[in-house]
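What follows is a set of notes on a single structure, which appears directly below.
Since every read-out is calculated from the coordinates, none of them should be taken as a lab result. Quick caveat, the model's predicted, so the values are computed rather than measured. Cβ placement follows ideal geometry from the backbone for every residue including glycine, while neighbour counts extend to all protein chains displayed.
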Amino acid sequence: MQDHAQVVIIGGGIVGCSTAYHLTKMGWNDVVIIDKGELTSGSTWHAAGLVGQLRSERNITRMLQYSVSLYDQLEAETGFATGWKMSGCLHFASTKERMYELKKGATTARSFGLEMNIITPREAYDLCPIISLDGIIGAAYMPTDGEADPSGITQALAQGARSRGAKIYRNNLVTGFEFDKNRVTAVKTKEGVITCEILVNCTGMWGYQVGEMLGVNIPVVPFMHQYAITNPIKDLPPKLPTIRDKDNLIYYKEEVGGLVMGGYERNGIPWAIDGVSNDFNSNLLNSDFDHFLQLAEPATKRTPCLESAGIRKLINGPEGFTPDGDAIMGPAPEKDNVYVAVGFNAFGIAAGGGAGKMMAEWIIEGEPSLDIWPLDIRRFGGYHHSRKYNVERTKEIYGKHYTIHWPHEEHDSARRVRRSPLYNTLKEKGAVYGAKYGWERANWYAPQGVAPKDEITFEIPNWFEHVAAEHKHARENVVLIDQTSFCKFEVEGPGALEFLNRLCANQIDQPVGKVIYTQMCNDRGTIECDMTVGRLDETRFLMVVGTAFGLRTWWWIKTHMPDDGSVFAKEVTSAYGVINVIGPKSRTLLEKTTNADISNQSFPFGTCRQFTVGYAPVISFRVTYVGELGYELYIPTEFAGHVYDTLWEAGEALGVKNAGYRAIASLHLEKGYADWGSELTPEYTPFDAGLGFCVALEKDAFIGKDALAKIKGKGPAWKLCTFTIDAAKPLMLQGSAPILHDGRVVGVTSSSGYGHTIKKNICYGYLPADMAGVADGYEIESYKTVFPARLEPNRQLYDPERKRILA
Ligand SMILES: Cc1cc2nc3c(=O)[nH]c(=O)nc-3n(C[C@H](O)[C@H](O)[C@H](O)COP(=O)(O)OP(=O)(O)OC[C@H]3O[C@@H](n4cnc5c(N)ncnc54)[C@H](O)[C@@H]3O)c2cc1C
């Protein structure tokens, strides 16, 4: 084996080979793949080979759409047989809720030109005359889905990489690494040591244990996954599409005159959770017919020809699954030169082509061309280091692989992981909790006599009116919102100001006591992180970030930290409970609990102060996320219960109430505020998002300044807009809904919901800047229904003059 390569990829499955294929295609040719067995000998060789494109996230579907376009020409390019057939895919619905899901998929697919047609059961039968239509109420057909020979595709990708200079070393176990600080400098293998500049971990279900060797946490859990191959079936029609009958949890494809039939049972079985043997090469597990029966029985009803066909083989092959059902990709936050692409949850053949492209872009260009945050390894938190958590949650998610993905759905397993000090108090007051980033957060409060429980639905949910009441109270009176889950960082030291000013687009050099709303941008000027920064003293800053983006923000801070010791940064999320006192009576309430002068003159909007509430020291930011006068209180954790009680008692005479996260969502939407992950992403600049006021081009160099200056000069490419839809009753609109003009898709929604004060359905979405002058003629499509939409001249529908905030 050679002793150096620019990039070493561990794992010669479809993902490793696709990464090498795309790296070499983009001009990086000094690439090596090392596999402990033969190519494909992990999960790839035994995959069923269905290539479906539809996922619940828009950009993941687009990534899979790229796979299809690649597979369509790969054989011609490389000369290797790939078995690729664009056979199409039929999706069945047996319930009206499943129909909603199919319509959502078809609507989203349309937004980026992917064809998915809603068809009748009869039309489905014509495409696939082996099915029984019993119970089927509708169907969808995706003509460009297909099937492939997983080994063939992988060998073709490997050949493509090889032809451009990549080297592949098979039967060579990676046993360890050499490090220099946070960098991997060399890979130790059975056949010797190879130095590298970049390491990519594409080891599928071995990802967790290779991660352990690297010091990188990768929450992949291997699960058994079975499918049956039947004997040839007499008179099986040629050119059958692949089939997904998710209400029966099963899928099919044609295979040499018979059928492959598999599925995702509700009680999936984890396997080798403490580590998969390194000798497990091209192996299968023992078939478990008893366990498979729960899928085989409905399958024989759906396709009666199975009854007489007989099963030739029951393949039981393990595969890496993850606690949220999405793959794990991107730069490992613990190391400076390690990338990860593992845990493909039984869609690695469909994802492989696109995933390799994303990885190559990430490595060469610093980021993928699609924003694939749901797959980003930086979405995981400290609790994902717990194997117990990962196994329990992955088990639930495996069981939900084919169940309906409900709006606002919460999961049941591995709950109550991170709890605010107010958890029990608020539970007694009716809090209905949801989980975010391991935190239990009150979504809404059930009044007395109402069951504290979400009922899942695509229609108006049981909590809607109670959230409306919380919303109204925040607008008219005062509410307390527990926002302890906010992610917080302290940055301090003699170099802290200079450092933050280099990272943040806004001017951080403000007087002590200011709170600055800012984004951190990359060199392209697009948004990496979004936060508020309070200047506590000359050299000490408290930075507050949304609950789920802590690790990503931390990674960005860490990768830019000077190493001269002038800046010290640490996460202090657990150090502070947070209570948001919000509403027009919030000052009156807070004044009853503190001696501090919190008048508008002494404590104006956009500043922070330190004072006591009851017996407790607090830091208060006078900012708002909902468009009302309000105070965020950062309270040393052990005082949080006391501060809550103090506020509650003082507020009773005023009529204080609790409010939850669903009320925040609706209040926030009326006010036109944008969210990281929805509106604020690496696809857009602050100028696109209407946050030009947060870009201080007059200050010294900061990351993204040059790009932002150019963008300001020529004008942004996009404009974040607010739309409203009038309807007789509130609409529960789907996410990523296409925005249409003259029947043409001109954008997609980034957030949507109901504004309880303005009594309208509200959507945000980006329009190309040249559309922004077109005032009329918009429509929004949701679940295949088109609604006339009004482009609002002002993005802020509530209190655009900010009178209430500044009061
Ligand atoms: C029964 C079954 C059916 C499936 N059907 C489909 C389907 O129809 N459609 C679909 O899209 N997906 C399907 N999948 C999923 C698909 O097979 C996987 O997602 C995909 O193969 C994962 O590819 P990979 O490259 O990530 O991992 P793998 O193919 O597992 O490759 C990882 C490689 O890493 C190597 N490796 C690990 N540790 C080391 C080490 N220390 N040193 C050197 N090398 C190492 C392994 O030998 C292995 O070759 C199915 C999976 C199963 C189990």
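So for each of 443-455, 509-521 I average, over its residues, the number of other beta carbons within 10 Å; can you give me the resulting order with the highest mean first? Don't jump to the answer; show the numbers that get you there.
Numbers: 443-455: 14.8, 509-521: 18.2.
Output ranking for 443-455, 509-521: 509-521, 443-455.
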Worksheet item: How far is it, in nm, from the label point at A701 to the one at S69 when both lie 7 Å from their Cα along the line to the Cβ?
Response: 3.7
Response to the item:
The answer for K514, listing residues at least 5 apart or on another chain whose modeled amide H is closer than 5 Å to its amide H, is R535, C608
Worksheet item: For W463, which sequence-distant residues (separation of 5 or more, or a different chain) have an amide H within less than 5 Å of its own amide H, given hydrogens modelled in the peptide plane?
Response: E455
Worksheet item: What does the charge dipole of segment 515-630 about its Cα centre add up to, to the nearest 20 debye, if the Cβ of each Lys and Arg holds +1 and the Cβ of each Asp and Glu holds -1?
Response: 360
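Under Stokes-Einstein, with the Kirkwood radius over Cα pairs standing in for Rh, what whole-number D in µm²/s applies to the chain at 25 °C and 0.890 mPa s? If you can, show how the numbers build up before the last one.
Working: Rh = 28.1 Å.
Taking Rh from Cα pairs, D becomes 87 µm²/s.
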Practice prompt. Provide the per-residue ³J(HN,Hα) series for segment 331-338, in order, calculated from phi with Karplus coefficients 6.51, -1.76, 1.60 and θ = phi - 60°, each as a whole number of Hz, with x at glycine and proline positions.
Written response: x, 5, x, 7, 10, 8, 9, 10
Response to the item:
Once Lys and Arg are counted +1 and Asp and Glu -1 for all other residues with Cβ under 9 Å from that of M520, the total becomes -2
Worksheet entry | Karplus 3J(HN,Hα) series, Hz, for segment 87-102 with 6.51 cos²θ - 1.76 cosθ + 1.60 (x for Gly, Pro) | 8, x, 9, 9, 10, 9, 10, 10, 9, 5, 5, 5, 4, 4, 5, 5
Worksheet item: Hey, could you pull the Cα Rg and Dmax for segment 424-492, both in Å?
Response: 14.1, 49
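Run the numbers for E538 and D3: contour at 0.36 nm per residue of separation, minus the present Cα-Cα distance, in nm. Display every interim value, and only then the final one.
Values: separation 535, 0.36 × 535 = 192.60 nm, distance 5.06 nm.
Separation in residues times 0.36 nm, less the Cα-Cα distance, equals 187.5 nm.
For segment 494-576, how big is Rg over Rh, using alpha carbon atoms and the Kirkwood form of Rh? The partial results should precede the final answer.
Working: Rg = 12.1 Å, Rh = 13.1 Å.
Using only Cα positions, Rg/Rh for segment 494-576 is 0.92.
For the chain, what does the relative contact order come out to in percent, with C-alpha contacts under 8 Å and a separation of six or more?
Numbers: 1904 pairs, mean separation 93.8, N = 807.
Dividing the mean separation by the residue count of the chain yields 12 percent.
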Discussion item. Give me log10 I(q)/I(0) at q = 0.24, 0.32 Å⁻¹ for segment 2-52, Debye formula, one equal scatterer per alpha-carbon, no solvent.
Written reply: -0.90, -1.18
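With a sphere of radius 11 Å drawn around the Cβ of D145, what net charge do the other residues whose Cβ falls strictly inside it have (Lys, Arg +1; Asp, Glu -1)? If you can, show how the numbers build up before the last one.
Working: positive: K85, R244, K253; negative: E115, E147.
Neighbourhood net charge equals +1.
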Worksheet item: With θ set to phi - 60° and the Karplus curve 6.51 cos²θ - 1.76 cosθ + 1.60, what are the ³J(HN,Hα) couplings of segment 376-381 in order, to the nearest whole Hz, using x for Gly and Pro?
Response: 6, 4, 6, 7, 8, x
Worksheet item: When K705, K671 are ordered from fewest to most other Cβ atoms inside 10 Å of their Cβ, what list results?
Response: K705, K671
Fill in: For segment 713-770, the spread of Cα positions along each principal axis, largest first, Å
42, 25, 17
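I need L127, L23 ordered by Cβ neighbour count within 10 Å, fewest first. Intermediate values should be presented prior to the final figure.
Details: L127 18, L23 29.
Exposure proxy ranking, most exposed first: L127, L23.
Once the mean 1/r over all distinct Cα pairs of segment 83-242 is inverted, what Kirkwood radius in angstroms do you read off? Spell out each step's value before the answer.
Numbers: mean 1/r = 0.0491 Å⁻¹.
Answer for segment 83-242: a Kirkwood hydrodynamic radius of 20.4 Å.
Taking segment 427-582 on its own, what percent of its Cα-Cα pair distances exceed 25 Å? Provide the component values of the computation, followed by the final result.
Numbers: 5219 of 12090 pairs.
Cα-Cα pairs in segment 427-582 separated by more than 25 Å: 43 percent.
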Worksheet item: When you take every Cα atom in segment 361-518, what is the radius of gyration, and what is Dmax, the widest Cα pair distance, in Å?
Response: 20.3, 58
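Grab the DSSP H runs of the chain that are 4 residues or longer, score each as -39,500 (n - 2.57), total them, divide by all residues and round the 222 nm result to the nearest 500 deg cm²/dmol. Mind showing how you got there, number by number?
On the way: 19 runs with 209 residues, N = 807.
Estimated from H runs of four or more residues: -8000 deg cm²/dmol.
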Practice prompt. Write down the Å³ per residue value for the convex hull defined by the alpha carbon atoms of segment 282-397.
Written response: 162
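Taking the Cβ of each residue in E319, E77 as the centre, tally the other Cβ atoms inside 10 Å and list the residues starting with the fewest.
Values: E319 24, E77 14.
Ascending number of Cβ neighbours within 10 Å: E77, E319.
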Worksheet item: Under a 5 Å amide H to amide H cut-off, with H placed in plane at 1.01 Å, what residues pair with T189 once short-range neighbours are removed?
Response: T175, I194
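Among residues other than G583 whose Cβ falls under 11 Å from its Cβ, what is the net charge (Lys/Arg +1, Asp/Glu -1)?
Numbers: positive: K472, R475, K585, R587, K657, R804; negative: E470, E476, E628.
Summing Lys/Arg as +1 and Asp/Glu as -1 gives +3.
Give me the Kirkwood hydrodynamic radius of segment 602-752 in Å, from all C-alpha pairs, to one decimal place?
19.3 Å is the Kirkwood radius here.
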Item to complete: Report the GluC sites (Glu not before Pro) located in segment 589-689 that are in a DSSP loop and have at most 11 other Cβ atoms inside 10 Å of their Cβ, or state none.
Response: E652
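When you count, for each residue, the other Cβ atoms within 10 Å and take the mean per peptide, how do 554-566, 261-273 rank with the highest first?
Values: 554-566: 14.0, 261-273: 18.9.
Averaged packing, sorted descending, gives the order 261-273, 554-566.
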Item to complete: Could you work out how far apart the two model spin labels at D274 and R415 are, taking each label as a point 7 Å from the Cα in the direction of the beta carbon, and quote it in nm?
Response: 3.1
Practice prompt. Would you work out which of A346, F321, P331 lies farthest towards the positive end of the dipole of segment 312-355? Charges go on Cβ: Lys and Arg +1, Asp and Glu -1.
Written response: A346
Fill in: Electrostatic dipole magnitude of segment 90-228 [Cβ: Lys, Arg +1; Asp, Glu -1; Cα centre; debye, to 20]
400
Worksheet entry | Model label zone, Q448; criterion: amide N under 14 Å from point 7 Å along Cα-to-beta-carbon; scope segment 395-433 | 429-430
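Give, in nm to one decimal, the length gained when the segment between D523 and F289 is fully stretched (0.36 nm per residue of separation minus the Cα-Cα distance). Walk me through the intermediate numbers first.
Details: separation 234, 0.36 × 234 = 84.24 nm, distance 5.51 nm.
Contour length minus Cα-Cα distance gives 78.7 nm.
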Fill in: Compactness index (Cα Rg / 2.2 N^0.38 Å), segment 208-290
1.45
